[in-house]
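The values are calculated or read from the model by the stated rules, or taken from the named source; none is laboratory data. From a predicted model like this one, the values you see are computed outputs, not experimental measurements. Don't worry about glycine lacking a Cβ; one is built from the backbone with ideal geometry, like all the others, and counts go over all protein chains shown.
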Amino acid sequence: MLSINEVTKVFPNGKKANDSISLQIESDQIVGLVGPNGAGKTTLIRQILGLLKPTTGTILVEGNDLVRMKDNYFGYVPQTPLVFQSHTIRELIQYTLKLKKVMDNKKAHNILNQLYSIFNINKWENMYGYQLSGGQLKIVMLVIAICQMPSILILDEPSNMLDVVTKKKLWQFLKESKMTVFLTSHDIKEISVLCDYIYFLQEGKIVFKGNKQEIPQVNQLPVTLKIKVKEKIPEELLNNFIISDSRDGLITIFSKDINEILILIGSLRRYTFEYLSLIAPDFDNAIELIMEEFYE
Amino acid sequence: MNRLFQAILFEFRAFRVFKIQILISLFIMPLSYMLIILLNTGGNQQISLYLLTGFVVASLIGTYVSLLGLRVSNLMMPEVLEMYAAFPIKMRTVALSYLITYSLYVLPQIIVASIIIAVISLSSIAWGLFVFNVILTMITLSGFGVFLGFVFKNYFVAQGVLPLLSWIFLFITPLYYQAKSSIFFSINPLNSCVKLLRHSIGLCEGVIIWDYVYLIGLIIILSFFVNRKLLRLYLLEKRF
């Protein structure tokens, strides 16, 4: 659907913001772009939107060059929401629908009704842009982008400025809407909840890409075993493991090798278990680990 | 066309918030200024017409160079371009909607001044030519305003420079003072604008063909630059 091929962007001052970036966004996929501040995420988005020209490389939308695109293909929500201050929210939304020529489109109105209900927009739709909070402005930008029913929705840190409840509502909507979304984020939870595929960007280069299962860091994370037994466990049995503070007899054991943990459980069969839980490394932890590595 | 119409309506709606400011800048200040000009002519028809034609060009300078120029400069700010990227509208439609909106915005002043010119001069006006020359002046100055908006891409710099430029144009053009023709005035396109207006109401004698050639040539050059900029897709790239 969207194909970015070997895109490099060098600014006139010589700064290389993007370095041979290639990525693909397929239909109905939510693709995340993660990276520290200044990694080149916004520059890449500006090139996708056609505001900046790649120094080398191509950006193709359904096989066509951006220059040949006749109509707005993207819905876009910038990181910092900026809307017209001297119009009401209702007017802004109506303006968008009229420009997009979907004033009488049932699907657009259904989406809009859904968004109105999710974000309680009725309460403040007659307020002017200058009267709204940052979070409300962000919601307005999201509504404006989504009600256009774009082929690809581009979100620059979508839940930045939103409260926890609104964030979750947005995530649920995006997941259920089956829209094609390309987003940037620093929010581990957001990436793990939303993204089908992730690209990590560092100093303008993609340093990792993959889906949830392909993230190598998942395998580097320890398996966590929590046990509580009536009897005292001999120390030699636990020598090979990292153990955290035990309180009330609850012992937390970490190991990167799941087989070692399973052998340990086997050797503890004769003990009387009061509690046992086995926690595999999850996607959130893996993302966190990657981000910590890159953000340092 | 529909998008352009919607964009113009949208611009006009934005004026609601500034209604007091607009009432002052659109009616009270210019019309009271025009009254002061007329009171100072002592009833002299020739001087009144001379100053009123100067007033028409001065109003257009203020609107296009200052206001339109600033609006276009603001449009070229990265964050504003990003904001517009969220709406299904092309930048050339937005820029054109600004141009038409500000032309409509200044029109009441021009109409009032034209009516007074008509009343004072009675039958000596070539109306068709006068309207044509007003439109030619509007096109020249609006092109100039849009061009300057693109040149001063930093809105904060433009806020200082464009009003100053407006004032310099007023200063170097014989709008409110008499001046003998010289090369200095000949190269100033605003001098050609006011000269054509005065010619159409019988105030100015002499050859005007070169003024038309000069203004039309300038319009072509400005249109070339403006189109080159607006038709370009990559608006955040360094321009010109």
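Numbers at a glance
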item: Number of positions in segment A:180-189 that are farther than 15 Å from A:L2 by Cβ and in contact with a strand residue (DSSP E or B) (Cβ under 8 Å, 6 or more places away or on another chain); result: 2
item: Given (1) in contact with a helix residue (DSSP H, G or I) (Cβ under 9 Å, 6 or more places away or on another chain); (2) farther than 30 Å from A:V83 by Cβ; (3) among the polar types (S, T, N, Q); (4) surrounded by fewer than 16 Cβ atoms within 10 Å (Cβ to Cβ), index of the condition B:T41 fails; result: (4)
item: Some residue of segment B:77-100 being β-branched (V, I, T), farther than 30 Å from A:V77 by Cα and assigned to a helix (DSSP H, G or I); result: no
item: Residue in segment B:97-112 that is over 15 Å from the mean Cα position of the chain (by Cα), more than 14 Å from chain A (Cβ to nearest Cβ) and more than 24 Å from B:L164 (Cα to Cα) present; result: yes
item: Some residue of segment A:107-122 being touching a residue at least 24 places away in the same chain (Cβ under 8 Å) and either within 13 Å of another protein chain (Cβ to nearest Cβ) or among the small types (G, A, S) (or both); result: yes
item: Single residue of segment B:122-155 satisfying the filter (polar (S, T, N, Q) and modelled with pLDDT under 90) that is surrounded by the fewest Cβ atoms within 10 Å (Cβ to Cβ); result: B:S123
item: Residues within segment B:68-95 that are away from chain A (no Cβ under 14 Å) and more than 9 Å from the chain's Cα centre (by Cα), tallied; result: 5
item: Flag if B:Q21 is on the phi < 0 side of the Ramachandran plot, touching a residue at least 24 places away in the same chain (Cβ under 8 Å) and part of a helix (DSSP H, G or I); result: no
item: Matching entry among B:Y212, B:Y177 (being assigned to a loop (DSSP other than H, G, I, E, B), surrounded by fewer than 17 Cβ atoms within 10 Å (Cβ to Cβ) and at pLDDT 85 or above); result: B:Y177
item: Counted residues, segment B:15-38 - those being surrounded by 15 or more Cβ atoms within 10 Å (Cβ to Cβ) and at the interface with chain A (Cβ under 9 Å from one of its Cβ atoms); result: 1
item: Residue that is farthest from the chain's Cα centre (by Cα), among those in segment B:11-36 that are aliphatic (A, V, I, L, M), under 12 Å from B:V112 (Cα atoms) and at pLDDT 85 or above; result: B:L35
item: Residues of segment A:78-106 satisfying the condition of being surrounded by 14 or more Cβ atoms within 10 Å (Cβ to Cβ) and away from every other protein chain (no Cβ under 14 Å); result: none
item: So A:T58, is it among the polar types (S, T, N, Q), part of a strand (DSSP E or B) and in contact with a Ser or Thr (Cβ under 7 Å, 6 or more places away or on another chain); result: no
item: Candidate set from segment A:14-52 (those that are surrounded by 15 or more Cβ atoms within 10 Å (Cβ to Cβ) and without any contact (Cβ under 8 Å) to a residue 12 or more places away in the chain); member that is nearest to the other protein chains (Cβ to nearest Cβ); result: A:L51
item: Members of segment A:255-270 found to be of a type in the set (S, T, N, Q) and in contact (Cβ under 8 Å) with a residue 12 or more places away in the chain, listed by number; result: A:S255, A:S267
item: Pairs where the first residue, in segment A:132-143, is within 11 Å of chain B (Cβ to nearest Cβ) and closer than 18 Å to B:F87 by Cα and the second is in a helix (DSSP H, G or I) and of a type in the set (G, A, S), C-beta under 6 Å, 6+ apart; result: none
